[in-house]
Amino acid sequence: MLVFRGSLRCCFISKGGSAMATGKFEIYKKETGFVFHLVAVNGLTIGTSQVYASEKTCKEGVASVRKNAPAASMENHTAEGFKTEKNPKFAIFKDKSGGFRFRLSATNGEIILASQAYKEEKGAAKGIESVRVNAPAAVLVDLTDGKKGASDSPDGSKVLSRIPDSSVQK
């Protein structure tokens with residue numbers, strides 16, 4: 001396990017001898033429990049979890065997103081007469097303020113990831129694709145103490161480099 005300090009913009013892991021940029025799961029401790037955010041390579045949060053009672057169950061939630069996202073079907077609740085899909089699935093819906101959001105449900109039907117609001121349905125669909133791309137290889141960054149981040153890649157690949165936010169031009 002590698003330890004680093006500060007916030008991170010993106011991570012690179014070695015996969016078959018070549019480096020690839022990857023997203024990250026960031027775990028935080030809140031007053032009410034533990035949550036994770038899936039963050040894309042560009043630094044934007046793609047989705048957020050529910051609040052978990054323990055760090056262990058939060059990490060199990062991360063594992064569930066990694067497992068379910070690639071094969072999840074898509075159910076579009078904004079389409080008239082939409083077809084109900086089997087879990088695991090992504091569901092796109094319109095919220096009360098008119099924004100488009102998505103949720104990822106695990107095989108058991110439990111919601112394991114929820115998105116921000118997007119102005120257009122197309123944005124929510126792109127968010128789903130970003131989850132599919134980023135979740136399987138995303139490293140896990142433990143920020144529960146607010147100071148350090150301990151990193152694990154999902155398949156034990158060596159983490160080659162991290163780019164701190166302060167070194168990235170915006």
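The values are calculated or read from the model by the stated rules, or taken from the named source; none is laboratory data. The model shown is predicted, which means the values in this text are computed figures rather than measured ones. Cβ sites come from the backbone with ideal geometry, for glycine too, and all protein chains shown count toward neighbours. SASA here: full protein model, heavy atoms, side chains in, ligands and nucleic acids out. Shrake-Rupley method; radii C 1.70, N 1.55, O 1.52, S 1.80 Å.
Yes or no, residue by residue, for (1) among the basic types (Lys, Arg); (2) open to solvent by less than 40 Å² (accessible area, probe 1.4 Å); (3) not in a strand (DSSP E or B):
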residue: Ala91; (1), (2), (3): no, yes, no
residue: Arg103; (1), (2), (3): yes, no, no
residue: Thr107; (1), (2), (3): no, no, yes
residue: Leu113; (1), (2), (3): no, yes, no
residue: Gly123; (1), (2), (3): no, yes, yes
residue: Pro136; (1), (2), (3): no, no, yes
residue: Leu140; (1), (2), (3): no, yes, no
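For region 18-31, enumerate the residues that are out of contact with any Cys (no Cβ under 8 Å at 6 or more places or on another chain), open to solvent by 30 Å² or more (accessible area, probe 1.4 Å) and hydrophobic (A, V, I, L, M, F, W, C).
Passing the criteria: Ala19, Met20.
Can you name every one of the strands (runs of 3 or more DSSP E) wholly within region 32-81 that holds 1 or more residues which are among the acidic types (Asp, Glu) and open to solvent by less than 50 Å² (accessible area, probe 1.4 Å)?
Qualifying strands (runs of 3 or more DSSP E): 73-76.
Scan Val133, Val62, Val141 and give me the residue that is under 17 Å from Ile27 (Cβ atoms) and modelled with pLDDT under 95.
One residue alone meets the criteria, Val141.
Looking at region 60-92, which of its residues are among the aliphatic types (A, V, I, L, M) and in contact with a helix residue (DSSP H, G or I) (Cβ under 7 Å, 6 or more places away or on another chain)?
To start, the set of residues in region 60-92 that are among the aliphatic types (A, V, I, L, M) comprises 62-63, 65, 69, 71-72, 74, 79, 91-92.
Once the filter is applied, which keeps residues that are among the aliphatic types (A, V, I, L, M) and in contact with a helix residue (DSSP H, G or I) (Cβ under 7 Å, 6 or more places away or on another chain), region 60-92 yields Ala69, Met74, Ile92.
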